[in-house]
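Notes follow once the structure below has been shown.
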Amino acid sequence: LYGVLPGEMSPSWPLESLKAQAVAARSYGMATKGKHSKEGFDVCTTTDCQVYGGVDVEQKSTNRAVDETRGEVLTYDGKLITAFFHSASGGYTENSEFVWSSAIPYLRGVEDYDQKSPHYSWKKEVDPAWLSTKLASQGYKVGEIQSISLSEMKKSPQKTADRGVSGRVLTFEVIGSAGKATIPGKTFRTMLGLKSTCFDLYVQEKGGRSPIQVEKAKKNWGARKDTTLVIEGYGWGHGLGLSQWGAKAMAESDPSDKSYQKILLHYYTGVKLENLYD
């Protein structure tokens, strides 16, 4: 953990946020012990498990966070939890079943406090013709894009079939001159290199005052010249469990000793803090 924490959180961040990260990382590491047993070891040093930088990256503040939470782990129903964490959710974390299909009781969507994160909101613009070609390269041969169907993003928790509770896109439909296709949000994120699947889609016409959400845009907008598809997104990462920027904000608002416990109990639903060893 000495070599993990500095790569996950800035050592300059509040101690209570570092302690929350230490407990989450310890719990995650121990819960996934044996993941690479067939290869002769427990965990690897990459994002497949947890990034480990070795003794060269160790810092006094992060070592202190590890030491002051020694042996502390998170459990649910008496078992270690796989304490997933991410950079920033974009205002609301996600339910596990909307990311990895299975419903995990301690990974429920909750309000996040990551508004000061540089990744809280972001934007990307793409040309409809380019997107049509990009979709075709991935097997979605819809021809010239005419319209896109995706429910409008609203305040979380959201309750539409095409979005998770945080607003993360599960699927959306592209209607084109050669047919239509249902695009998974995760596929779209990978395809365009987006920070998350928490986004909305807008049509921006040249000379138009402001972008129009795709459900409200006139049909066949993709065929018109000087039209851009605007992707307005939020957060960075899968949005499950601990939000690192949210933990920072909570620690700044309450720097008192043990406030890291409040942080953990906020982001992981129904869990307990236990001492696994001294």
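Semi-axis lengths, largest first, of the ellipsoid equivalent to the chain are 40, 19, 17 Å, with √(5λ) applied to each eigenvalue of the Cα gyration tensor. For the range 187-215, the residues whose amide N sits under 18 Å from a probe point set 7 Å from the Cα of Glu144 along the beta carbon direction are 204-206.
When peptides 22-29, 129-136, 58-65 are sorted by average Cβ neighbour count within 10 Å, with the highest value leading, the order is 22-29, 58-65, 129-136. Dipole magnitude for the chain: about 980 debye, using +1 per Lys or Arg Cβ and -1 per Asp or Glu Cβ, origin at the Cα centre.
To put it simply, the accessible area of the chain at a 1.4 Å probe is 50 percent carbon and sulfur.
Extending 7 Å from Cα along the Cβ direction at Arg64 and again at Thr182 yields two label points whose distance is 5.3 nm. Beta-bridge orientation, the chain: approximately 95 percent antiparallel, per DSSP, counting only bridges with both partners inside. Each pair of Cα atoms in the range 127-278 enters the Kirkwood radius, and Stokes-Einstein at 25 °C and 0.890 mPa s then converts it into a translational diffusion coefficient of 138 µm²/s.
Computed from label points 7 Å out along Cα-Cβ, the spacing between Val51 and Glu215 is 3.7 nm.
The Rg/Rh ratio for the range 126-171 is 1.10, where Rg is the radius of gyration of the alpha carbons and Rh is the Kirkwood radius.
I'm a student and want to see the number: the projected area of the Cα convex hull of the range 82-203, averaged over all directions, in nm².
Average of the hull's projected areas for the range 82-203 equals 7.9 nm².
Think of a 1.4 Å ball rolled over the protein heavy atoms: the chain then has 49 Å² of accessible area per residue.
If the Kirkwood radius is taken over C-alpha pairs of the range 146-228, then at 25 °C and 0.890 mPa s the Stokes-Einstein diffusion coefficient equals 182 µm²/s. Restricting attention to the range 176-243, the count of lysine pairs at 8 or more positions apart or across chains with alpha carbons under 23 Å apart stands at 10. The alpha-carbon positions of the range 1-87 define a convex hull whose volume is 98 Å³ per residue.
In degrees between 0 and 90, to the nearest 10, how far off the longest principal axis of the chain does helix 15-31 point, with axes built from Cα atoms? Between the helix axis and the principal axis of the chain, the angle is about 90 degrees. The range 215-278 and the range 100-116 have their alpha-carbon centroids 7 Å apart. For the pair His36 and Lys134, a Förster radius of 25 Å applied to the C-beta separation gives a FRET efficiency near 0.15, rounded to the nearest 0.05. When its C-alpha radius of gyration is set against 2.2 N^0.38 Å (N residues), the range 216-278 gives a value of 1.99.
Cα extents for the range 56-127 along the principal axes, largest to smallest and rounded to whole angstrom: 51, 35, 23.
The values are calculated or read from the model by the stated rules, or taken from the named source; none is laboratory data. Please read all numbers here as calculations on a predicted model, not as lab measurements. All Cβ positions, even for glycine, are placed from backbone atoms using ideal geometry, and neighbour counts span all protein chains on display. When the accessible area is computed, the model is the full protein with side chains, heavy atoms only, and any ligands, DNA or RNA have been set aside. Shrake-Rupley method; radii C 1.70, N 1.55, O 1.52, S 1.80 Å.
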